1. Picking from LYS272, LYS200, which residue would you name as being loosely packed, with under 15 Cβ neighbours inside 10 Å and assigned to a helix (DSSP H, G or I)?
2. Of everything in the range 137-148, what is touching a helix residue (DSSP H, G or I) at 6+ places or on another chain (Cβ under 6 Å) and part of a strand (DSSP E or B)? Give them in sequence order.
3. (1) within 16 Å of ILE135 (Cα to Cα); (2) away from the ligand (no atom under 13 Å from the Cβ): which one isn't true of GLN216, the others all being true?
4. Being buried (at least 20 other Cβ atoms within 10 Å of the Cβ) and away from the ligand (no atom under 15 Å from the Cβ) is the filter; apply it to the range 77-91 and report the residue that is farthest from PHE109 (Cα to Cα).
5. When you scan the range 33-53, how many residues do you find that are outside any loop (DSSP other than H, G, I, E, B), more than 10 Å from the ligand (Cβ to nearest atom) and either of a type outside the set (A, V, I, L, M, F, W, C) or surrounded by 23 or more Cβ atoms within 10 Å (Cβ to Cβ) (or both)?
6. Which residues, counting only those in the range 1-24, are more than 13 Å from the ligand (Cβ to nearest atom), in contact with a helix residue (DSSP H, G or I) (Cβ under 8 Å, 6 or more places away or on another chain) and free of Cβ contacts under 8 Å to residues at least 60 places away in the same chain?
7. Just checking, does the range 142-154 include any residue being under 21 Å from MET34 (Cβ atoms) and touching a residue at least 40 places away in the same chain (Cβ under 8 Å)?
Amino acid sequence: MNKKIAVITGCSSGFGLLTSIELAKSGYQVIATMRDLRKQDVLLHEAKMNGVESSITVHELDVTSQTSIKKLKSYIEKIGRIDVLINNAGYAVAGFAEEIPIDEYRKQFETNFFGVIAVTQAVLPLMRAQQKGIIINMSSISGRMGFPGMSPYVSSKHALEGWSECLRLEMQPYGIHVALIEPGSFKTNIWSSGNHIIEKSAQKESPYFHYMKEIQQYIEKGEPKFGDPIKVAKKTAKIASQSKPSLRAPIGKGVSFNLFIKNFLQWKLWEKLFLKTLYK
Ligand SMILES: NC(=O)c1ccc[n+]([C@@H]2O[C@H](COP(=O)([O-])OP(=O)(O)OC[C@H]3O[C@@H](n4cnc5c(N)ncnc54)[C@H](OP(=O)(O)O)[C@@H]3O)[C@@H](O)[C@H]2O)c1
(Lines give C-alpha, C1' and ligand atoms only; values in the text may rest on other atoms or scores of the structure.)
Protein backbone atom coordinates (compact mmCIF):
# COMPACT_ATOMS: atom_id res chain seq x y z
CA MET A 1 0.00 0.00 0.00
CA ASN A 2 1.57 3.30 -1.13
CA LYS A 3 -0.89 5.56 0.59
CA LYS A 4 -0.32 6.51 4.20
CA ILE A 5 -2.70 4.76 6.61
CA ALA A 6 -4.58 6.59 9.37
CA VAL A 7 -6.73 4.87 12.00
CA ILE A 8 -9.27 6.97 13.88
CA THR A 9 -11.57 5.96 16.73
CA GLY A 10 -15.10 7.29 17.28
CA CYS A 11 -15.91 8.29 13.69
CA SER A 12 -19.70 8.09 13.83
CA SER A 13 -19.94 11.84 14.52
CA GLY A 14 -18.14 15.01 15.57
CA PHE A 15 -14.35 15.39 15.41
CA GLY A 16 -13.79 11.75 14.39
CA LEU A 17 -16.10 11.95 11.39
CA LEU A 18 -14.75 15.30 10.20
CA THR A 19 -11.12 14.32 10.72
CA SER A 20 -11.67 11.17 8.63
CA ILE A 21 -12.79 13.37 5.73
CA GLU A 22 -9.93 15.85 6.19
CA LEU A 23 -7.29 13.13 6.25
CA ALA A 24 -8.82 11.38 3.24
CA LYS A 25 -8.77 14.71 1.40
CA SER A 26 -5.09 15.10 2.20
CA GLY A 27 -4.22 11.74 0.67
CA TYR A 28 -4.48 9.21 3.49
CA GLN A 29 -6.25 5.90 3.34
CA VAL A 30 -8.44 6.24 6.44
CA ILE A 31 -9.64 3.37 8.59
CA ALA A 32 -12.56 5.13 10.23
CA THR A 33 -13.70 3.09 13.21
CA MET A 34 -16.96 3.22 15.13
CA ARG A 35 -18.63 0.93 17.63
CA ASP A 36 -22.02 0.91 15.91
CA LEU A 37 -21.78 0.33 12.17
CA ARG A 38 -25.43 1.32 11.73
CA LYS A 39 -24.19 4.90 12.14
CA GLN A 40 -21.77 4.77 9.19
CA ASP A 41 -24.15 6.34 6.64
CA VAL A 42 -23.48 9.93 7.74
CA LEU A 43 -19.73 9.48 7.32
CA LEU A 44 -20.12 7.68 4.00
CA HIS A 45 -22.45 10.40 2.73
CA GLU A 46 -19.94 13.10 3.72
CA ALA A 47 -17.16 11.10 2.10
CA LYS A 48 -19.14 10.90 -1.14
CA MET A 49 -19.93 14.62 -1.07
CA ASN A 50 -16.19 15.29 -0.76
CA GLY A 51 -15.22 12.77 -3.43
CA VAL A 52 -13.15 10.64 -1.02
CA GLU A 53 -15.35 7.55 -0.55
CA SER A 54 -12.65 5.24 -1.91
CA SER A 55 -10.16 6.60 0.67
CA ILE A 56 -12.28 5.67 3.70
CA THR A 57 -12.86 2.18 5.04
CA VAL A 58 -15.25 1.84 7.96
CA HIS A 59 -14.25 -0.71 10.59
CA GLU A 60 -16.08 -1.75 13.76
CA LEU A 61 -14.32 -0.82 16.99
CA ASP A 62 -15.52 -0.44 20.55
CA VAL A 63 -12.51 0.87 22.46
CA THR A 64 -13.72 -0.81 25.66
CA SER A 65 -13.77 -4.29 24.09
CA GLN A 66 -10.56 -6.35 23.90
CA THR A 67 -12.19 -8.65 21.30
CA SER A 68 -12.99 -5.67 19.13
CA ILE A 69 -9.46 -4.25 19.52
CA LYS A 70 -7.92 -7.64 18.63
CA LYS A 71 -9.91 -7.67 15.39
CA LEU A 72 -8.64 -4.19 14.54
CA LYS A 73 -5.08 -5.29 15.31
CA SER A 74 -5.31 -8.27 12.92
CA TYR A 75 -6.85 -6.04 10.26
CA ILE A 76 -4.00 -3.51 10.49
CA GLU A 77 -1.38 -6.24 10.59
CA LYS A 78 -2.80 -7.62 7.33
CA ILE A 79 -2.44 -4.18 5.76
CA GLY A 80 1.07 -4.11 7.21
CA ARG A 81 1.29 -0.37 7.72
CA ILE A 82 0.02 2.37 10.03
CA ASP A 83 1.22 5.96 9.87
CA VAL A 84 -1.22 7.75 12.15
CA LEU A 85 -3.43 6.71 15.06
CA ILE A 86 -5.99 9.19 16.35
CA ASN A 87 -7.51 8.22 19.68
CA ASN A 88 -10.63 10.32 19.49
CA ALA A 89 -13.51 8.25 20.96
CA GLY A 90 -14.84 9.68 24.19
CA TYR A 91 -17.82 10.93 26.14
CA ALA A 92 -18.45 13.07 29.21
CA VAL A 93 -20.03 12.30 32.56
CA ALA A 94 -21.27 15.27 34.59
CA GLY A 95 -22.46 15.54 38.19
CA PHE A 96 -21.04 16.29 41.62
CA ALA A 97 -18.35 13.94 42.89
CA GLU A 98 -20.21 12.85 46.03
CA GLU A 99 -23.21 11.73 44.00
CA ILE A 100 -21.51 9.94 41.11
CA PRO A 101 -21.50 6.16 41.52
CA ILE A 102 -17.97 4.79 41.38
CA ASP A 103 -19.01 2.63 38.43
CA GLU A 104 -19.70 5.76 36.37
CA TYR A 105 -16.10 6.86 37.04
CA ARG A 106 -14.91 3.41 36.01
CA LYS A 107 -16.93 3.47 32.79
CA GLN A 108 -15.67 6.97 32.02
CA PHE A 109 -12.08 5.82 32.41
CA GLU A 110 -12.73 2.61 30.41
CA THR A 111 -13.51 4.69 27.33
CA ASN A 112 -11.55 7.93 27.71
CA PHE A 113 -8.40 6.48 29.26
CA PHE A 114 -8.04 2.68 29.23
CA GLY A 115 -9.57 2.58 25.74
CA VAL A 116 -6.80 4.85 24.48
CA ILE A 117 -4.12 2.68 26.10
CA ALA A 118 -5.58 -0.54 24.70
CA VAL A 119 -5.90 0.74 21.12
CA THR A 120 -2.42 2.28 21.25
CA GLN A 121 -0.91 -0.98 22.54
CA ALA A 122 -2.50 -2.74 19.56
CA VAL A 123 -0.73 -0.53 17.01
CA LEU A 124 2.60 0.07 18.75
CA PRO A 125 4.35 -3.16 17.66
CA LEU A 126 3.78 -2.28 14.01
CA MET A 127 4.72 1.39 14.45
CA ARG A 128 7.84 0.43 16.38
CA ALA A 129 8.89 -2.01 13.68
CA GLN A 130 8.39 0.75 11.10
CA GLN A 131 10.38 3.18 13.32
CA LYS A 132 7.80 5.75 12.35
CA GLY A 133 4.36 6.94 13.33
CA ILE A 134 2.21 9.60 14.92
CA ILE A 135 -0.24 9.05 17.76
CA ILE A 136 -2.69 11.87 18.40
CA ASN A 137 -4.76 11.71 21.57
CA MET A 138 -7.90 13.82 21.75
CA SER A 139 -7.66 15.42 25.15
CA SER A 140 -9.47 18.62 26.15
CA ILE A 141 -8.96 21.83 28.03
CA SER A 142 -10.42 19.59 30.76
CA GLY A 143 -7.11 17.74 30.69
CA ARG A 144 -5.41 20.89 31.92
CA MET A 145 -7.91 22.42 34.35
CA GLY A 146 -10.60 21.27 36.72
CA PHE A 147 -14.25 22.19 36.34
CA PRO A 148 -16.87 21.60 39.06
CA GLY A 149 -19.57 19.10 38.12
CA MET A 150 -17.32 17.38 35.57
CA SER A 151 -14.91 15.36 37.70
CA PRO A 152 -15.15 12.00 35.86
CA TYR A 153 -14.45 13.64 32.50
CA VAL A 154 -11.80 16.03 33.83
CA SER A 155 -9.93 13.31 35.69
CA SER A 156 -10.02 10.94 32.69
CA LYS A 157 -8.53 13.66 30.47
CA HIS A 158 -5.90 14.58 33.12
CA ALA A 159 -4.89 10.91 33.22
CA LEU A 160 -4.70 10.91 29.43
CA GLU A 161 -2.39 13.94 29.51
CA GLY A 162 0.00 12.29 31.98
CA TRP A 163 0.02 9.00 30.10
CA SER A 164 0.64 10.78 26.79
CA GLU A 165 3.62 12.68 28.23
CA CYS A 166 5.17 9.37 29.34
CA LEU A 167 4.40 7.68 26.03
CA ARG A 168 5.92 10.57 24.10
CA LEU A 169 9.18 10.23 26.05
CA GLU A 170 9.18 6.44 25.65
CA MET A 171 8.48 6.39 21.93
CA GLN A 172 10.61 9.24 20.63
CA PRO A 173 13.75 7.05 20.29
CA TYR A 174 11.67 4.81 17.98
CA GLY A 175 10.64 7.67 15.69
CA ILE A 176 7.08 7.65 17.03
CA HIS A 177 5.65 11.02 18.02
CA VAL A 178 2.80 11.51 20.49
CA ALA A 179 0.66 14.64 20.45
CA LEU A 180 -2.32 15.91 22.42
CA ILE A 181 -5.13 18.06 21.07
CA GLU A 182 -6.83 20.18 23.72
CA PRO A 183 -10.09 21.62 22.42
CA GLY A 184 -12.29 24.02 24.33
CA SER A 185 -16.02 23.79 23.58
CA PHE A 186 -17.12 22.80 20.08
CA LYS A 187 -20.52 22.04 18.57
CA THR A 188 -20.64 18.23 18.50
CA ASN A 189 -22.90 15.52 19.92
CA ILE A 190 -20.87 15.29 23.12
CA TRP A 191 -23.08 17.95 24.69
CA SER A 192 -26.28 16.01 24.03
CA SER A 193 -26.09 12.28 23.37
CA GLY A 194 -22.59 11.89 24.72
CA ASN A 195 -23.04 13.87 27.90
CA HIS A 196 -24.23 11.63 30.72
CA ILE A 197 -25.49 13.85 33.51
CA ILE A 198 -25.89 12.12 36.81
CA GLU A 199 -29.56 12.81 37.42
CA LYS A 200 -29.13 12.93 41.18
CA SER A 201 -27.19 16.21 41.07
CA ALA A 202 -29.78 17.73 38.74
CA GLN A 203 -32.70 17.03 41.09
CA LYS A 204 -34.17 19.40 43.65
CA GLU A 205 -33.46 17.03 46.54
CA SER A 206 -29.73 17.18 45.81
CA PRO A 207 -27.63 19.49 48.00
CA TYR A 208 -25.82 20.37 44.76
CA PHE A 209 -28.97 21.16 42.75
CA HIS A 210 -28.41 24.91 42.82
CA TYR A 211 -24.76 24.67 41.71
CA MET A 212 -25.47 22.03 39.09
CA LYS A 213 -28.17 24.26 37.63
CA GLU A 214 -25.82 27.24 37.53
CA ILE A 215 -23.20 25.14 35.76
CA GLN A 216 -25.74 23.89 33.23
CA GLN A 217 -26.90 27.47 32.63
CA TYR A 218 -23.29 28.62 32.24
CA ILE A 219 -22.70 25.93 29.62
CA GLU A 220 -26.02 26.61 27.84
CA LYS A 221 -25.28 30.34 27.76
CA GLY A 222 -21.94 29.68 26.14
CA GLU A 223 -23.35 27.23 23.56
CA PRO A 224 -23.94 29.78 20.74
CA LYS A 225 -20.23 30.60 20.97
CA PHE A 226 -19.04 26.98 20.77
CA GLY A 227 -16.54 26.49 17.95
CA ASP A 228 -17.03 24.86 14.58
CA PRO A 229 -15.65 21.29 14.89
CA ILE A 230 -14.17 21.48 11.40
CA LYS A 231 -11.42 23.66 12.92
CA VAL A 232 -10.39 20.80 15.20
CA ALA A 233 -10.53 18.34 12.30
CA LYS A 234 -8.29 20.55 10.16
CA LYS A 235 -5.84 21.06 13.02
CA THR A 236 -5.75 17.30 13.67
CA ALA A 237 -5.04 16.61 9.99
CA LYS A 238 -2.28 19.24 10.04
CA ILE A 239 -0.65 17.69 13.09
CA ALA A 240 -0.86 14.25 11.47
CA SER A 241 1.20 15.55 8.56
CA GLN A 242 3.98 17.09 10.69
CA SER A 243 7.24 15.19 11.06
CA LYS A 244 7.72 16.32 14.68
CA PRO A 245 4.49 17.68 16.15
CA SER A 246 4.52 19.58 19.44
CA LEU A 247 3.27 17.73 22.50
CA ARG A 248 0.22 19.95 23.06
CA ALA A 249 -2.14 21.76 20.72
CA PRO A 250 -4.73 23.82 22.56
CA ILE A 251 -7.56 24.99 20.29
CA GLY A 252 -10.75 27.01 20.72
CA LYS A 253 -12.02 30.35 21.88
CA GLY A 254 -10.18 31.53 25.00
CA VAL A 255 -8.40 28.19 25.56
CA SER A 256 -4.81 29.42 25.37
CA PHE A 257 -5.71 32.55 27.33
CA ASN A 258 -7.39 30.56 30.12
CA LEU A 259 -4.46 28.18 30.34
CA PHE A 260 -2.06 31.10 30.51
CA ILE A 261 -4.05 32.81 33.29
CA LYS A 262 -4.41 29.58 35.24
CA ASN A 263 -0.67 28.92 35.11
CA PHE A 264 0.24 32.54 35.73
CA LEU A 265 -2.03 33.24 38.72
CA GLN A 266 -1.64 31.72 42.14
CA TRP A 267 -4.23 28.97 42.63
CA LYS A 268 -5.95 31.05 45.36
CA LEU A 269 -6.61 33.86 42.89
CA TRP A 270 -7.49 31.55 40.04
CA GLU A 271 -10.20 29.71 41.99
CA LYS A 272 -11.68 32.98 43.22
CA LEU A 273 -11.91 34.31 39.68
CA PHE A 274 -13.19 31.02 38.29
CA LEU A 275 -15.95 30.48 40.85
CA LYS A 276 -17.03 34.12 40.56
CA THR A 277 -17.43 33.73 36.79
CA LEU A 278 -19.28 30.44 37.16
CA TYR A 279 -21.67 31.14 40.02
CA LYS A 280 -23.41 34.48 39.67
N1 LIG B 1 -16.87 18.74 21.48
C2 LIG B 1 -16.14 19.30 22.39
O3 LIG B 1 -16.42 20.43 22.81
C4 LIG B 1 -14.90 18.60 22.89
C5 LIG B 1 -13.99 19.36 23.64
C6 LIG B 1 -12.83 18.75 24.10
C7 LIG B 1 -12.58 17.43 23.82
N8 LIG B 1 -13.49 16.70 23.11
C9 LIG B 1 -13.16 15.29 22.86
O10 LIG B 1 -13.28 15.00 21.48
C11 LIG B 1 -13.53 13.60 21.30
C12 LIG B 1 -14.65 13.42 20.30
O13 LIG B 1 -15.84 13.94 20.83
P14 LIG B 1 -16.86 14.81 19.97
O15 LIG B 1 -16.91 16.15 20.58
O16 LIG B 1 -16.59 14.69 18.53
O17 LIG B 1 -18.24 14.13 20.40
P18 LIG B 1 -19.21 13.10 19.67
O19 LIG B 1 -19.74 13.69 18.42
O20 LIG B 1 -20.16 12.67 20.71
O21 LIG B 1 -18.25 11.90 19.25
C22 LIG B 1 -17.79 10.95 20.17
C23 LIG B 1 -17.45 9.69 19.43
O24 LIG B 1 -16.89 8.75 20.35
C25 LIG B 1 -17.55 7.51 20.14
N26 LIG B 1 -17.47 6.61 21.27
C27 LIG B 1 -17.92 6.78 22.54
N28 LIG B 1 -17.67 5.68 23.27
C29 LIG B 1 -17.03 4.80 22.45
C30 LIG B 1 -16.51 3.49 22.60
N31 LIG B 1 -16.59 2.82 23.75
N32 LIG B 1 -15.90 2.91 21.53
C33 LIG B 1 -15.80 3.55 20.34
N34 LIG B 1 -16.32 4.77 20.13
C35 LIG B 1 -16.92 5.38 21.17
C36 LIG B 1 -18.98 7.89 19.78
O37 LIG B 1 -19.65 6.79 19.23
P38 LIG B 1 -21.25 6.58 19.37
O39 LIG B 1 -21.86 7.41 18.28
O40 LIG B 1 -21.44 5.12 19.15
O41 LIG B 1 -21.65 7.03 20.74
C42 LIG B 1 -18.68 9.01 18.80
O43 LIG B 1 -18.33 8.49 17.55
C44 LIG B 1 -13.82 13.04 22.70
O45 LIG B 1 -12.68 12.37 23.19
C46 LIG B 1 -14.08 14.28 23.54
O47 LIG B 1 -13.74 14.10 24.90
C48 LIG B 1 -14.63 17.26 22.65
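The values are calculated or read from the model by the stated rules, or taken from the named source; none is laboratory data. From a predicted model like this one, the values you see are computed outputs, not experimental measurements. Heads up, the Cβs are rebuilt from the backbone with ideal geometry, glycines too, and the neighbour counts pull from every protein chain shown.
1. On the way: LYS200 fails: loosely packed, with under 15 Cβ neighbours inside 10 Å.
None of the others qualify; the one that does is LYS272.
2. Residue satisfying the conditions is ASN137 alone.
3. In the conditions (1) within 16 Å of ILE135 (Cα to Cα); (2) away from the ligand (no atom under 13 Å from the Cβ), GLN216 misses (1) alone.
4. Start the filter on the range 77-91 by keeping residues that are buried (at least 20 other Cβ atoms within 10 Å of the Cβ), which leaves 82, 84-90.
From what's left, away from the ligand (no atom under 15 Å from the Cβ): 82, 84.
Numbers: ILE82: 26, VAL84: 23 Å.
Restricting to residues being buried (at least 20 other Cβ atoms within 10 Å of the Cβ) and away from the ligand (no atom under 15 Å from the Cβ), the top hit is ILE82.
5. Adding up the residues that qualify gives 7.
6. LYS3, ALA24
7. Yes, some residue in the range 142-154 is under 21 Å from MET34 (Cβ atoms) and touching a residue at least 40 places away in the same chain (Cβ under 8 Å).
Quick grid of which residues meet (1) of a type in the set (A, V, I, L, M); (2) out of contact with any Phe, Trp or Tyr (no Cβ under 9 Å at 6 or more places or on another chain); (3) more than 28 Å from GLY252 (Cβ to Cβ):
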| site | (1), (2), (3) |
| --- | --- |
| VAL42 | yes, yes, no |
| HIS59 | no, no, yes |
| ILE76 | yes, yes, yes |
| ARG81 | no, yes, yes |
| GLY90 | no, no, no |
| GLU104 | no, yes, no |
| GLY133 | no, no, no |
| ILE136 | yes, yes, no |
| SER156 | no, no, no |
